[in-house]
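> The structure's right below; bear with me while I get my questions together.
The values are calculated or read from the model by the stated rules, or taken from the named source; none is laboratory data. None of these values were measured; they are calculated from a predicted model. Counting neighbours? That spans all protein chains shown, and the Cβs are built from the backbone with ideal geometry, glycine included.
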Amino acid sequence: MLYRGMDRAQLDAAYNNLAAVTASAKLLADWAARSARFRERHRGHLGLAYGEQPRERLDLFLAGNPAAPTLAYIHGGYWQMTHQTKEMYSALAEGAVSHGLNVAVVEYTLAPEARMDRIVGEVRHAISWLHEHLGDYGADPGRIYVAGHSAGGHLAAMTMLSARSGAGSQSAASMTLNRSASTISMRSSGSTRPRRSATARCSISRRWQVR
């Protein structure tokens with residue numbers, strides 16, 4: 001037994017959200033189709049490189065007024081599911097863009113190719129890259145929000161540390177967290193404690209403000 005009376009097979013099952021949702025394959029296919037339609041309708045800046053690795057890329061979708069705040073969205077996938085890509089989640093930008101927010105959908109290197117410290121570092125660098133380059137697209141680099149689901153919720157939380165410590169890149173050290181604008185919404189899976197049924201769900205978004 002490895003943990004609380006569960007063996008390896010039971011632990012794997014406790015973390016397998018795709019198996020827990022019987023219609024997961026249909027849902028994923030629907031998300032991918034909706035995202036493809038959104039990319040066809042809304043011209044974005046796709047595949048912007050924030051680093052040197054193949055998955056260190058982000059897609060930037062600008063609102064009608066590019067000087068609006070920008071939401072950086074970090075996808076989930078248990079830090080390792082290769083079918084989880086930024087392209088799958090383009091549709092999540094549709095509602096935000098229609099309400100006047102820019103959206104950057106962030107992709108990152110997955111495990112086991114990358115260990116957790118590298119994954120966290122890449123995502124921190126993506127936020128730092130946005131701070132440095134949003135102005136090139138007419139957006140306001142001083143108003144960046146970070147959100148994510150599942151593993152992306154964890155990674156969104158980890159970007160908060162770079163605002164305090166400067167971890168991840170030099171430019172991250174120039175950012176300070178405006179706590180009055182922070183929000184937490186219980187929405188995404190990613191509990192660090194396995195359960196036999198129902199995973200804890202937590203999605204985190206915070207606002208960056210450059211001072």
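> Looking at (1) assigned to a loop (DSSP other than H, G, I, E, B); (2) touching a strand residue (DSSP E or B) at 6+ places or on another chain (Cβ under 9 Å); (3) of a type in the set (D, E, K, R), which is the one condition that is false for GLU94?
Looking at each condition in turn, GLU94 falls short on (1).
> Going through HIS131, HIS83 one at a time, which residue ends up being farther than 21 Å from ARG39 by Cα and either in contact with a strand residue (DSSP E or B) (Cβ under 8 Å, 6 or more places away or on another chain) or at pLDDT below 95 (or both)?
The unique qualifying residue is HIS131.
> Can you name the residue in segment 11-52 that is exposed (fewer than 15 other Cβ atoms within 10 Å of the Cβ) and of a type in the set (S, T, N, Q) and, of all such residues, is modelled with the lowest pLDDT?
Only one residue fits best here, namely ASN16.
> Turning to a different aspect of this structure: Kindly indicate whether any position in segment 95-112 is within 18 Å of the chain's Cα centre (by Cα), under 20 Å from LEU155 (Cα atoms) and free of Cβ contacts under 8 Å to residues at least 40 places away in the same chain.
Yes, there is a match, as at least one residue in segment 95-112 is within 18 Å of the chain's Cα centre (by Cα), under 20 Å from LEU155 (Cα atoms) and free of Cβ contacts under 8 Å to residues at least 40 places away in the same chain.
> If I filter segment 115-129 for residues that are more than 12 Å from the chain's Cα centre (by Cα), of a type in the set (Phe, Trp, Tyr), surrounded by 20 or more Cβ atoms within 10 Å (Cβ to Cβ) and not in a strand (DSSP E or B), do I get at least one hit?
yes
> Determine whether VAL106 is touching a strand residue (DSSP E or B) at 6+ places or on another chain (Cβ under 9 Å) and at pLDDT 95 or above.
For VAL106, the condition - touching a strand residue (DSSP E or B) at 6+ places or on another chain (Cβ under 9 Å) and at pLDDT 95 or above - is met.
> Restricting attention to segment 36-56, does a residue exist that is aliphatic (A, V, I, L, M), closer than 28 Å to ILE127 by Cβ, touching a residue at least 12 places away in the same chain (Cβ under 8 Å) and part of a strand (DSSP E or B)?
Yes, that holds for at least one residue.
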